[in-house]
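Inspection log for the structure reproduced underneath, given as structure tokens.
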Amino acid sequence: MPARPLHDYLGPGGRPVSLEEMLDTRDKRAASKEDLLREYRCPVLSMTLNMPGRVKRTALSSFFFDREKARLLTSLKALGVRLAADKSGRADTGDESILAVEGLAASALKSLTLDLEEGSGPTRLL
């Protein structure tokens, strides 16, 4: 999934969300992760952006999310890893992907994601 050009993301700004909405989204994400773990019995990776403030999704954050997810998927493909499941979504509470990853140990997946995060300067800015 190559990232689209930034101009494709331009549109109205994000809607401020409440703490209750964020907590509900977190609980749903945790349940989805448990479902994937139970169903596929392989490592599960959850990808979100950690953004300060009440607006959790903007054109720039969606662009950045798609770019970083594309980097992750490219790396996984290069390693010959198979995605058993990809639950991705966009909401006012932020973009997210939950991936069930077959063919890579959980520790190796963690190392890969840390390397990707540390190798991208902006990952700590959003």
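Just one of the numbered conditions (1) exposed (fewer than 14 other Cβ atoms within 10 Å of the Cβ); (2) within 16 Å of Met22 (Cβ to Cβ); (3) without any contact (Cβ under 8 Å) to a residue 12 or more places away in the chain is not true of Asn50; which one? The failed condition is (3).
Only one of the numbered conditions (1) among the acidic types (Asp, Glu); (2) surrounded by 14 or more Cβ atoms within 10 Å (Cβ to Cβ); (3) free of Cβ contacts under 8 Å to residues at least 60 places away in the same chain is not met by Glu96, and that is (3).
With the structure loaded, tell me whether Asp115 is free of Cβ contacts under 8 Å to residues at least 60 places away in the same chain, loosely packed, with under 14 Cβ neighbours inside 10 Å and more than 24 Å from Arg38 (Cβ to Cβ) or whether it fails that test.
Spelling it out, Asp115 is indeed free of Cβ contacts under 8 Å to residues at least 60 places away in the same chain, loosely packed, with under 14 Cβ neighbours inside 10 Å and more than 24 Å from Arg38 (Cβ to Cβ).
Since every read-out is calculated from the coordinates, none of them should be taken as a lab result. If you're wondering where the values come from, they're calculated on a predicted model, not measured in any experiment. Note: ideal-geometry Cβ built from the backbone for every residue, glycine included; neighbour counts use all protein chains shown.
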